[in-house]
Amino acid sequence: MFNLHGKKGLVVGVANNHSIAYGCAKAFDLCGADLAITYMNAKSETYVRPLAEILGADIIAPLDVEQPEQLEALFKLIEEKWGKLDFLVHSIAFAPKDDLHGRVTDSSREGFMRAMDISCHSFVRMAKLAEPLMKDGGCLLTMSYMGADEVIENYGIMGPVKAALQSVSRYLAAELGPKGIRVHAISPGPLQTRAASGIKEFDKLMENAIERAPLHTLVSIEDIGALSAYLVSDVAKSLTGGTIHIDGGYHIVG
């Protein structure tokens, strides 16, 4: 697809072989990039490590973004191993079940703040740590959803959180642009991932997307991976600050 030979990339958010992050990692590997892939804990390592090894990842490391020392240790390892970083994918999100399944009006302060910290501010923290490693520029990608732009039934507090994430990506693009660091939010249509399984009646949401999208199809993790490979490549060097929809056109019909 695109030439990523010699580029070093960090992929955060692989949980299993259905993860968006895994689709991205596969595309990057196909294009020749060297990869660092993270897992959240010992339980998830049993699923993630075999996938990372199949892709020949140079770095396979733990990362729980609620543990600040792990994030700093990861970037120190990247600096020691590679001395640079060309791109990263932030594909993690979380909200406590009670807050996710309830009304935004009823969301707890603690639940809202935790969802914002894990799903949004962690991207800011990664950008700060990546900045000094992107000496020759680079690209930061994060994953959003249409619920950031309009009310999606049962999406709950993740709507405001993803809206904040999209805004953050624009501010990061403006601030880091002079250093040649590009930033995008990718907004896929609904697809079956472990994270999506926590949303009530998600099957209905996917059925509605197929029915209403102009292309009458769901997006795949391979589609998202191909888009991500394009965005981190030099071919897209003049693009930054976008929220890029990949959903069969669903976002234009609402």
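The set of residues in segment 1-58 being of a type in the set (K, R) and out of contact with any helix residue (DSSP H, G or I) (no Cβ under 9 Å at 6 or more places or on another chain) consists of K43, R49. Screening L129 on (1) of a type in the set (A, V, I, L, M); (2) at pLDDT 95 or above; (3) part of a loop (DSSP other than H, G, I, E, B) shows it passes everything except condition (3). Just so you know, in segment 147-165 the residues that are in contact with an Asp or Glu (Cβ under 9 Å, 6 or more places away or on another chain) and surrounded by 21 or more Cβ atoms within 10 Å (Cβ to Cβ) include one that is nearest to M206 (Cα to Cα), and it is G156. Under the condition of being loosely packed, with under 15 Cβ neighbours inside 10 Å and charged (D, E, K, R), which residue from segment 202-254 is farthest from G156 (Cα to Cα)? Filtering first and then ranking leaves D234. Looking at the structure I just gave you, is V65 buried (at least 16 other Cβ atoms within 10 Å of the Cβ), of a type in the set (A, V, I, L, M, F, W, C), in contact with a strand residue (DSSP E or B) (Cβ under 7 Å, 6 or more places away or on another chain) and at pLDDT 95 or above? So V65 fails the test. Evaluation of F123 against the conditions (1) modelled with pLDDT of 95 or more; (2) assigned to a helix (DSSP H, G or I); (3) out of contact with any Ser or Thr (no Cβ under 7 Å at 6 or more places or on another chain); (4) not basic (K, R) shows that the sole unmet condition is (3). Remark: pairs (first residue in segment 24-43, closer than 19 Å to V65 by Cα and among the aromatic types (F, W, Y); second residue surrounded by 20 or more Cβ atoms within 10 Å (Cβ to Cβ) and at pLDDT 95 or above; Cβ separation under 6 Å; 6+ apart in sequence or on different chains) = Y39/V48.
The values are calculated or read from the model by the stated rules, or taken from the named source; none is laboratory data. Everything numeric here is computed off the predicted structure, so don't read it as measured data. Ideal geometry is used to build each Cβ from the backbone, glycine not excepted, and the neighbour counts take in all protein chains shown.
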